[in-house]
Amino acid sequence: MRKLLLYFFISFFTISNLLAQQPKKPNASQIFESIKKLNFLGSVLYVAAHPDDENTRLISYMANHVKARTAYLSLTRGDGGQNLIGPEIRELLGVIRTQELLTARNIDGGEQRFTRANDFGYSKHPDETLAIWNKEEVLSDVVLAIRQFKPDIIINRFDHRSPGSTHGHHTSSAMLSLEAFDITNDNTKYTSQLKDAGLWQAQRVFFNTSWWFYGSQEKFDKADKSKHLQFDIGAYYASSGLSNTEIASLSRSQHKSQGFGNTGTRGSQMEYIELIKGEMPSDKSNIFEGIDTTWNRVKGGTAIGNILYQVEKDFDFTNPSASIPELLKAYSLIEKLEDTHWKNIKTEEIKNLIYNCAGLYLEAVAESNHATANETVNLDLELINRAAENIQLKTLQINNDASVLETQVLAKNEKVALKKSFTVKADQEPTTPYWLTKKGTLGMYQVDDKSLIGKPETPRYFNVTFGLSINNIAINFTKPIVYKTNDPVKGEVYKPFEIITEASAKIAEKVIIFENDAQKEIPVIIKAGKDNLEGFVEIAHPKDWSVFPEKQKISIAYKGQEQTVVFTVIPPKNQSEGLITPMVHVGNNTYTKELIEMDYDHIPFQTVLLPSESKVVRLDIQKRGENIAYIEGAGDVVPESLQQIGYNVITIKPEDINAETLSRFDAVVVGIRAYNTVETLKFKQKALFDFVANGGNMIVQYNTNRRLKTEELAPFALELSRDRVTDENAKVTLLEPNHELLNFPNKITENDFEGWTQERGLYFPNKWSKEFTPILSMHDKGESAKKGSLLVAKHGKGYYIYTGLSFFREFPAGVSGAYRLFANMLSIGKENMNTENVLKN
Ligand SMILES: [Zn+2]
């Protein structure tokens, strides 16, 4: 909480130089804006389902123009999305998107909250969503967020009245928000929250509407707006030289994993919100009408306001430290407030104001970015005061140890450097996102420590608290311990200080496919978390699999160094699958986790510990053809997966697509959304179709029906739709059980559609010319049969196949049926070929 408030407060308008973790150093204009914010006592909670759902224009407007305390409650962390910047998917993507939200809020001035709901993938209807989420738990978390944050105003991104018209998570977020609005003040609901969070009643709840929800600008212009409030969110902030909409774009652009880079706009722009519950304001631009947002709203606040409104008036842009004496008076009064909610919020704000007005800089830097249990960590402390005030260091407290006396005068602009150290506790838990420490369900994270629910990230345990005396008033400033280094290119680079285990292990391939009974050599990488690591490693494996040797010794001299040991894994004779896990034994401890470190420039360095396990799959699979050309789209692991089953896969650039290059291949596979993302493909369709006519096979994976770069997807007419089957267990009917695609070289049955993950497929064609044969039929509950998931057409001597089936999700999950079906798609028409004699060139 403290860290969040700190973010919220000192981040205001500090947009340049956004290297994650760097302390913010606000200038005089930014400090002045923070004083105005200190003098506003009102709050807004924005509610939606995913990271990137939030309207950053409105959040920025509320935080920076209205000066309200503003938060975004994202029900999920976005695990189900795709990743445009790296290989991470699922829970690791959720970690990245959590940090992208925090960075976005750091720019637009909002705070960030979550629930325990997991983004399990696309959902068509809130009924489905709320059946997969634990509705009671998610509602409880929304209620908790409201009771803790205590918003005057709630704004839903989505319309609770239109289930089925958007993602089920979206509509659910609005429905749960409304349900929560009615019960947060009921002392019979979620009673275990009451002791810490108390009751709360928000005054109004709105839906953040726009023309988009009406279908067109015209319809929106004609719509009844009697319940609408509207404001111009195009405000210009002279203090930062930016329009609100420019800040919003900078914030939105942090959703880099989703490819949401956004160019700023300038000028007047109207934003609309529709009142759903609460009293309609008579002034349709004043969301807070009737709510006292001055210091008078707090008992004992009037005296504080008398001081602070004057500080705002008298602020000296050439000398912010002139405000310190009055700020200290107000600080002492805030400390006496009975209202703990406002007391806590305003204490953090005014402390940071005093800190910034004095040009204080307090920092605790560890010698390394990580340490293990029992390790002694040396710290370099830097303290400096740049004001004429009488400022002294009185005490120092490291982590939760007792604070010690440490007297030191902080004379104006004279740097004080101190060396300290501490020893990490023997039972210190390693750093990892709190919501990933226990295995959850498809729809929910499991969080055992209830005090963590709602928090954006695991609170920092390692801190130094500097006990200062400023003009004889005692104020503590707590700073997280950080690590910093100089990068020859980037300059000063900050990393959080984390705890890692003595040893961690990983197998690079998360799914290892055995296409026959041949053994495979599997490298296991052991990483030392400390110097002089000695121990041994063995592999836990399913009973019908064998691993040799049984144990191997490891000996690693330096912390951070790796050693690779190779085990031989022998599959059983028949189709089988299971998990293998490296177990590293060091002394009496056994380590079975993998250390994942994610280093992206736009978010802080992330350390995640996950169970180290790989799925081994012994496939019963036959195939024909050998050489596959792969054309990249938005990114999938199909090439690596086909290599695992023995194909020779070469990625070819769009500009290299021509008859001569293609003649070397048996089949071409087109990556997901290639026709949405690769402009030049439209000029290459003829060469590709000719390749098919000459006997090649072409497999096109899903594209979205909007923003297609070509009308000519296939040699025959084909129309994409938004048809999708999101239930990964939906029954699959074989429409053409005798078709070659389902029989050669692998006999495909309904069993091959068992164990699929996340969904069946998406953006199926719903119209096609007679040359296409639909092979499968499937549908979600309550919908008509969808027959476009797998379409095949003979074209000349070869075959063109269009499929919206989610092979790109099934391959990384090691789903055997998906591999067998894809092998048939590559092998079609190649009965007379065997894998030995097809190597051309
Ligand atoms: Zn969304």
Residue hits (segment 693-719; open to solvent by 20 Å² or more (accessible area, probe 1.4 Å), outside any loop (DSSP other than H, G, I, E, B) and of a type in the set (A, V, I, L, M, F, W, C)) are Ala693, Leu718
Can you say whether Val569 is open to solvent by less than 20 Å² (accessible area, probe 1.4 Å), over 29 Å from Leu93 (Cα atoms) and in a strand (DSSP E or B), as far as the supplied structure shows?
yes
Taking Leu199 as the residue in question, decide whether it is open to solvent by 30 Å² or more (accessible area, probe 1.4 Å), within 24 Å of Ala68 (Cα to Cα) and more than 16 Å from the ligand (Cβ to nearest atom).
yes
Matching option when the condition is surrounded by fewer than 17 Cβ atoms within 10 Å (Cβ to Cβ) and under 21 Å from Gln606 (Cβ atoms), among Ser403, Ser368:
Ser368
Is it true that some residue in segment 796-805 is modelled with pLDDT of 95 or more, more than 19 Å from Phe665 (Cα to Cα) and either in a loop (DSSP other than H, G, I, E, B) or open to solvent by 10 Å² or more (accessible area, probe 1.4 Å) (or both)?
yes
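For (1) within 16 Å of the ligand (Cβ to nearest atom); (2) open to solvent by 10 Å² or more (accessible area, probe 1.4 Å); (3) part of a helix (DSSP H, G or I), each residue gets a yes or a no:
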residue	(1), (2), (3)
Asp52	yes, yes, no
Asn64	no, no, yes
Leu73	yes, no, no
Thr76	yes, no, no
Asp79	yes, no, no
Ile85	no, yes, no
Across segment 399-429, what is the total count of residues that are at pLDDT 95 or above and in contact with a Ser or Thr (Cβ under 8 Å, 6 or more places away or on another chain)?
4
Segment 615-647, residues that are more than 15 Å from Phe822 (Cβ to Cβ), open to solvent by 30 Å² or more (accessible area, probe 1.4 Å) and free of Cβ contacts under 8 Å to residues at least 60 places away in the same chain
Glu632
Tell me yes or no: at least one residue of segment 146-155 is open to solvent by 10 Å² or more (accessible area, probe 1.4 Å), more than 16 Å from the ligand (Cβ to nearest atom), assigned to a helix (DSSP H, G or I) and under 24 Å from Asp52 (Cα atoms).
yes
When the residues of segment 385-400 are narrowed to those that are under 38 Å from the mean Cα position of the chain (by Cα) and among the hydrophobic types (A, V, I, L, M, F, W, C), which ends up farthest from Tyr361 (Cα to Cα)?
Ile398
Ser251 in a helix (DSSP H, G or I), among the small types (Gly, Ala, Ser) and either open to solvent by less than 40 Å² (accessible area, probe 1.4 Å) or touching a residue at least 40 places away in the same chain (Cβ under 8 Å) (or both):
yes
Looking at (1) of a type outside the set (Asp, Glu); (2) closer than 27 Å to Ile276 by Cα; (3) part of a loop (DSSP other than H, G, I, E, B); (4) away from the ligand (no atom under 12 Å from the Cβ), which one does Tyr46 not meet, given that it meets all the others?
(3)
Can you confirm whether segment 417-437 contains a residue that is open to solvent by 80 Å² or more (accessible area, probe 1.4 Å), among the hydrophobic types (A, V, I, L, M, F, W, C) and either within 23 Å of Glu367 (Cβ to Cβ) or in contact (Cβ under 8 Å) with a residue 60 or more places away in the chain (or both)?
no
Select, from Ile539, Ile499, Ile526, the only residue that is out of contact with any helix residue (DSSP H, G or I) (no Cβ under 6 Å at 6 or more places or on another chain), farther than 30 Å from Pro480 by Cα and touching a residue at least 24 places away in the same chain (Cβ under 8 Å).
Ile539
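For every residue, the table says whether it meets (1) over 30 Å from Gln99 (Cα atoms); (2) touching a Gly at 6+ places or on another chain (Cβ under 6 Å); (3) open to solvent by less than 60 Å² (accessible area, probe 1.4 Å); (4) assigned to a loop (DSSP other than H, G, I, E, B).
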position: Thr478; (1), (2), (3), (4): no, no, yes, no
position: Thr485; (1), (2), (3), (4): no, no, yes, no
position: Asp517; (1), (2), (3), (4): yes, no, no, yes
position: Lys527; (1), (2), (3), (4): no, no, yes, no
position: Val537; (1), (2), (3), (4): yes, no, yes, no
position: Thr564; (1), (2), (3), (4): yes, no, no, no
position: Asn574; (1), (2), (3), (4): yes, no, no, yes
position: Gly578; (1), (2), (3), (4): yes, no, yes, no
From the options Leu176, Leu102, residue that is outside any loop (DSSP other than H, G, I, E, B) and more than 16 Å from the ligand (Cβ to nearest atom):
Leu102
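Restricting to segment 118-139, name every residue that is basic (Lys, Arg) and either assigned to a loop (DSSP other than H, G, I, E, B) or open to solvent by less than 60 Å² (accessible area, probe 1.4 Å) (or both).
Correct list: Lys124 only.
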Search segment 165-190 for residues that are more than 18 Å from Pro151 (Cα to Cα) and without any contact (Cβ under 8 Å) to a residue 24 or more places away in the chain and pair each with any residue that is open to solvent by less than 70 Å² (accessible area, probe 1.4 Å) and within 16 Å of the ligand (Cβ to nearest atom) when their beta-carbon atoms are under 7 Å apart and the residues are at least 6 apart or on different chains.
Thr166/Phe158
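The values are calculated or read from the model by the stated rules, or taken from the named source; none is laboratory data. Model, not experiment: these values are computed from the prediction. Note: ideal-geometry Cβ built from the backbone for every residue, glycine included; neighbour counts use all protein chains shown. These area figures cover heavy atoms from the full protein model, side chains too; ligands, DNA and RNA do not enter into them. Shrake-Rupley method; radii C 1.70, N 1.55, O 1.52, S 1.80 Å.
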